[in-house]
Structure formats: structure tokens, C-alpha cells
Amino acid sequence: MKPRSINYMKPKKFINQLNQNFTEILSVGFIVDSELKEFKNRSTIDMEDIEGLVMRLYFLSLDPEKKVKFFINQYSENKFLYLIKITEEVSLFVLCEDSNFAKLHFFIKYLLSDVNLEFETEEEEKTPISQDEEKLWSAKRIQNLLLPDMTPVLAGFSQKHLQYQPKDIVGGDFYWARKTKNHLWMVIGDSTGHSVEGALGSVSIMSILNQVFAPEMNPHHLIKALHDGLNNIQSQDLVDGYGIGCEMMVMKYEPKTKTLKYSSNGLLMYLIDDRVQVYKTKKSSFDQERVIKFIRSRTLHLNNHTAIFTHSDGLIDQIGENGKKLKRAPVVRALKEGKTGAEIETLFEQWKGSQIQTDDVVSLYLKP
């Protein structure tokens, strides 16, 4: 009998296979020799919280008296953790919105039936970190302090997905949220620049939002207040360069009536029902003073069959392996087909392929 050939697969490709086939996955990764590897977090839960839970379950699985090959544990309402031992040295964990892990378990076993996972060697992992990269990671920690925990704000939606993917370690795209007595406020934004320059802009913008926010506002009032604040802290001298600018989508949602008020100075709003309606807004980069002066809020009445989606330019400007931008049409087509926010992120990843990410990306998908 001819021996069965074994294929080798990188852990990142294995994770992508899981994400493409199970959209309910929130976080996934490997534990190799008691250390987290290839950890991808697509949820709004803090990574340190997930890591703590995963490692507690992992060390429980090491109990020689139990000899348990996999665990399923409830993390919180509608969030379940699955952990399976692949080898003595390698375990896989999945945080999921669905407690029925039978299909997932079968799919993992199917993938592993003729595949060996090929992790990087210790020598490959110990690439020296430059001083500049250390500064970037320090900037990321500071930026993460201001990025809010979206879990309590998004908890009431039946479906929700936040994609936050800077081009570099840090970036100019951001998200912001506030929960008041009757409303949920959600903001995604795209500030000027990338990397540390963009991160400084986004940190400044989030700080101003925290200062100028008032519950009785309408969304366009918050955009105007932000730009007033920006003009107060900077001198927009275009001869020497440019100051901090921002395109943003501001949403004020009333759960009781499922009423969404929104305003934007450049980002698109998609309303998904039996068709997809795309609402455009004027970009403030063309004529900031005029756009901010005449900007208004719009109202959408949602129901259990509708959803909304919005994103920064980085999503549709991504260059694919064919050298072309993703553009809006494939996104609209996917939404028409009933694809969720997680599936739109997968569409983005598949289009990007092996190409370098073109721009920072933030997007939000919500269904009441």
C-alpha cells in the first residue's frame, strides 16, 4: 500500500480556514509549550481577559488524572470556549458565539487528518526587536488605553462585528462608544495619517470626544464639537504641513424603538434589508468648513430583519493580488447575499491575500 502523504500547513492558514467556515468564531489561536501562538482576536473582549481564561483551561487540561482531549467552557452569555489537545505540545482554542461545537470539532479533525502544522522554530521567533518597533508597541499600549470596551454597548444587538485592523502596529483609524440611559453611541473614524502619526491623531480625537460629548446631542453636533475642539488645539498652517483631520461616522441608537440617528463627514452608511441601500456623505477633506457647517443627522428605523454596516476607506481601497482595489461593489454584493460583518472581514482578507495591507481599516456591522 502506498503511504499516505502528509501536507504541511502554517498555523495562520489553518486559522483562516476556520474563520472562513465558521463565522461565529470570535477568537482563535494555539498554545505551544504553554505559550500562546498565532492568536487572532476578532471580538471586542480584551485580549488579556481571553488569554487568562484560555490558560486556566489549558493548565486544567494538563491534569494527568483527567486525560481529557477537549474542553468546552461557558465564558459568558453567548460566548463559549473550546479547547482541544492536538499533540502533547500543541493545543487549539476557539472562543465562539455558538455552544454547538460538533461541526467545528469534526472540521478540525478533518483538517488535521492529513496535515501537520508547521510552527516557526525558536530561532525564527527570536528576531531582535528594533528600538523603533519597541516605540511602536509602546504607542499601541497607549492607544489601547483609550479604545473603549465595546462589549456592554454592543451586547443588545443580535449580530455585531467590529473589525479593527491598523496597517502598522498602530494607526489612525479608531472606534469610540458611550452608553447613556436611553441611547447607545458608537463612532468609527479615520484620522489623518498612518502609524505613529495617525495614532497621535486618533488619540487626540478620542480625548476630545470624551471632553465634548453630551447625551442630549444629535450625531452631527458631536462632529461639529470635535472639529471645534481640533481647531482650538492646532494651527492649520498648510504651508508647513497639515494638522489633525478626521472623517467619522457617528451613530446614536435607541434600543427601545430601534431608531438609529447617524451623521458622517465622509464615511458610508449601508442599510441592509431586502436590498442594500448605500448612503453617501460629503468628505470634509474637500471643503472642511462647508461640510461641517451644513452637516445634518439622518434617521433610520430598524427592525429584526435589517442591519447596518459602515467602514473606513481602508476596507475598499485594499490592493489585491491582481493589483486592483477591492472597491465597494463586492462589499454591496456580499451584503445582498446576507453576508455578516465577520464574512466581510474574511472577504477583505481573501482579497488582500499575500499583499501588504494598504491602509488602516475599521468597520462595524450591527443587527438589532
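The values are calculated or read from the model by the stated rules, or taken from the named source; none is laboratory data. Fair warning: this is a prediction, and the values are worked out from it, not measured in the lab. Here Cβ is always computed from backbone atoms with ideal geometry, including for glycine, and neighbour counts include all displayed protein chains.
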**Q.** Wholly enclosed helices (runs of 4 or more DSSP H) of segment 69-148 bearing at least 3 residues at pLDDT 70 or above
**A.** 102-112, 131-146
Q: Looking for whichever is out of contact with any strand residue (DSSP E or B) (no Cβ under 8 Å at 6 or more places or on another chain) and among the hydroxyl-bearing types (Ser, Thr, Tyr) here; the options are SER158, SER191, SER207. Which one fits?
A: SER207
Q) Within the bounds of segment 152-170, is there any residue that is closer than 17 Å to SER207 by Cα, small (Gly, Ala, Ser), touching a residue at least 24 places away in the same chain (Cβ under 8 Å) and assigned to a loop (DSSP other than H, G, I, E, B)? A) no
Q) Residues in segment 332-353 that are part of a loop (DSSP other than H, G, I, E, B) and in contact (Cβ under 8 Å) with a residue 40 or more places away in the chain: how many? A) 1
**Q.** Members of segment 295-320 found to be surrounded by 11 or more Cβ atoms within 10 Å (Cβ to Cβ) and free of Cβ contacts under 8 Å to residues at least 40 places away in the same chain, listed by number
**A.** ARG298, ILE316, ILE319, GLY320
Q | segment 175-215, residues that are touching a Gly at 6+ places or on another chain (Cβ under 7 Å), of a type in the set (Gly, Ala, Ser) and touching a residue at least 24 places away in the same chain (Cβ under 8 Å) | A | SER191, SER195, GLY198, ALA199, GLY201, SER202
**Q.** Residue list for segment 354-368, filter: surrounded by fewer than 22 Cβ atoms within 10 Å (Cβ to Cβ), in a loop (DSSP other than H, G, I, E, B) and touching a Ser or Thr at 6+ places or on another chain (Cβ under 8 Å)
**A.** ASP359, PRO368
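Here's the yes/no breakdown for (1) assigned by TED's automatic domain parsing to the domain that holds LEU154; (2) over 20 Å from LEU226 (Cα atoms); (3) not β-branched (Val, Ile, Thr):
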{"position": "ASP273", "(1), (2), (3)": "yes, yes, yes"}
{"position": "LYS282", "(1), (2), (3)": "yes, no, yes"}
{"position": "VAL291", "(1), (2), (3)": "yes, no, no"}
{"position": "SER297", "(1), (2), (3)": "yes, no, yes"}
{"position": "ASN303", "(1), (2), (3)": "yes, yes, yes"}
{"position": "ILE308", "(1), (2), (3)": "yes, yes, no"}
{"position": "ASN322", "(1), (2), (3)": "yes, yes, yes"}
{"position": "ALA329", "(1), (2), (3)": "yes, yes, yes"}
{"position": "GLN355", "(1), (2), (3)": "yes, yes, yes"}
Q.
Can you tell me how many residues within segment 144-192 are within 13 Å of the chain's Cα centre (by Cα), over 24 Å from ASP313 (Cβ atoms) and aliphatic (A, V, I, L, M)?
A. 0
Q: Restricting attention to segment 220-276, report how many residues are among the charged types (D, E, K, R), under 15 Å from SER297 (Cα atoms) and either in contact with a Phe, Trp or Tyr (Cβ under 9 Å, 6 or more places away or on another chain) or modelled with pLDDT of 95 or more (or both).
A: 3
Q. Out of segment 4-35, which residues are assigned to a strand (DSSP E or B), modelled with pLDDT of 80 or more and surrounded by 15 or more Cβ atoms within 10 Å (Cβ to Cβ)?
A. ILE25, LEU26, SER27, VAL28, GLY29, PHE30, ILE31, VAL32
Q. Which condition breaks for THR310 when tested against (1) over 21 Å from the mean Cα position of the chain (by Cα); (2) assigned to a strand (DSSP E or B)?
A. (1)
(Q) Against the conditions (1) outside any strand (DSSP E or B); (2) at negative phi, where does GLY266 fall short? Just the number, please. (A) (2)
Q) Restricting attention to segment 151-162, which residues are over 14 Å from GLY189 (Cβ atoms) and crowded, with 16+ Cβ neighbours inside 10 Å? A) THR151, VAL153, LEU154, PHE157, GLN159, LYS160, HIS161
Q: State yes or no: is LEU335 crowded, with 20+ Cβ neighbours inside 10 Å, under 28 Å from GLU254 (Cα atoms) and of a type outside the set (Ser, Thr, Tyr)?
A: yes
